[in-house]
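Working notes, structure below.
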Amino acid sequence: MSACLSGCEVDAVETAAPAARQWHVRRLGLQPYRSIWQAMQAYTDARGADRADELWLLQHPPVFTLGQAGRWEHVLAPGDIEVVPVDRGGQVTYHGPGQIVAYPLIDLRRLGLGVRELVCRIEQAIIDTLASYSVSADRRSGAPGVYVGEKKIAALGLRVRRGCSFHGLAFNIDMDLEPFARINPCGYQGLQVCQLLDFQPGLRLSDVEDRLIEQLSRQLGLSVLPADPNVPAISTLEALHD
């Protein structure tokens, strides 16, 4: 699932649930894509009803990912950058250093959320983070993600399995945008992208992460419990599988 349907209206303060639960927040730094993808799958498959929700924040080395609905025709000229077909929703996108990638691993049933509402709340968290930097952004019906004017600044693609989410969002902060010209971003020919640095020079990615964590936590009604900056070992997770 990657689309936010029309009629999606979420306010960060008035509609977010009370922060009655915690989630473990891991700031993982630069991580290879494939190993994180495998770890997300393993964490989701190993979850029991009481296993903690988590938020993983990281950056990836340059990689294109192609969602389940993705068409190879949208990968125009990848060059030396690997293309990885994955099990999330959506089309093709790019990840690289200077982009915040956030993976919310949450039990939707426990939080009483549907997939559509989860998508909308994630988008709203990004919009509110941008607003804190005096950048006005919005969403588009049928074209998931967050836009500043005509340019896309954040992409969104999720997978829900056994009632739990993995994959997540990619938020352009301070990166080399050239690889986006090698694809049709999110399957849209000619779609332009931008980054927060275009509007707020001199910012630090870690500060933007702080604000994004705050807004995601408010939208999902979760309080932050900082966790070790390490990915849970896949062998450990598999041992916990019900």
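The values are calculated or read from the model by the stated rules, or taken from the named source; none is laboratory data. On a predicted model such as this, the values are computed, not experimentally measured, just so you know. For neighbour counting, all protein chains shown are included, and Cβ atoms are generated from backbone atoms with ideal geometry for every residue, glycine included. Heads up: the accessible areas ignore ligands, DNA and RNA and are worked out on the full protein's heavy atoms, side chains in. Shrake-Rupley method; radii C 1.70, N 1.55, O 1.52, S 1.80 Å.
In table form, for the structure just shown:
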item: Neighbours by Cβ (under 7 Å, 6+ apart or cross-chain): first from the stretch 68-87, closer than 11 Å to P179 by Cβ; second part of a loop (DSSP other than H, G, I, E, B) and open to solvent by 30 Å² or more (accessible area, probe 1.4 Å); result: I81/P62
item: Set P61, P97, P78: member being in contact with a Phe, Trp or Tyr (Cβ under 7 Å, 6 or more places away or on another chain) and part of a loop (DSSP other than H, G, I, E, B); result: P78
item: Scan of the stretch 155-193 for residues that are hydroxyl-bearing (S, T, Y) and under 17 Å from C120 (Cβ atoms), ordered by number; result: S165
item: Residues of the stretch 42-58 satisfying the condition of being within 28 Å of Y188 (Cα to Cα) and either part of a helix (DSSP H, G or I) or touching a Ser or Thr at 6+ places or on another chain (Cβ under 8 Å) (or both); result: none
item: Output for the stretch 160-186, where each listed residue is assigned to a strand (DSSP E or B) and surrounded by fewer than 22 Cβ atoms within 10 Å (Cβ to Cβ); result: V160, R161, C164
item: Qualifying residue in the stretch 204-219 (condition: within 21 Å of G70 (Cβ to Cβ) and crowded, with 17+ Cβ neighbours inside 10 Å); result: no
item: Residue ID - surrounded by the most Cβ atoms within 10 Å (Cβ to Cβ), chosen from residues in the stretch 113-152 that are under 12 Å from the mean Cα position of the chain (by Cα) and closer than 20 Å to I183 by Cα; result: G145
item: Residue in the stretch 52-83 that is farthest from P229 (Cα to Cα), counting only those that are open to solvent by 10 Å² or more (accessible area, probe 1.4 Å) and of a type in the set (V, I, T); result: V75
item: Test for A49: is it open to solvent by 50 Å² or more (accessible area, probe 1.4 Å), farther than 19 Å from V193 by Cβ and in contact with a helix residue (DSSP H, G or I) (Cβ under 9 Å, 6 or more places away or on another chain); result: yes
item: Sole residue being surrounded by 15 or more Cβ atoms within 10 Å (Cβ to Cβ), modelled with pLDDT of 95 or more and of a type in the set (F, W, Y), chosen from Y103, Y43; result: Y103
item: R110 in a helix (DSSP H, G or I), surrounded by fewer than 21 Cβ atoms within 10 Å (Cβ to Cβ) and in contact with a Cys (Cβ under 8 Å, 6 or more places away or on another chain); result: no
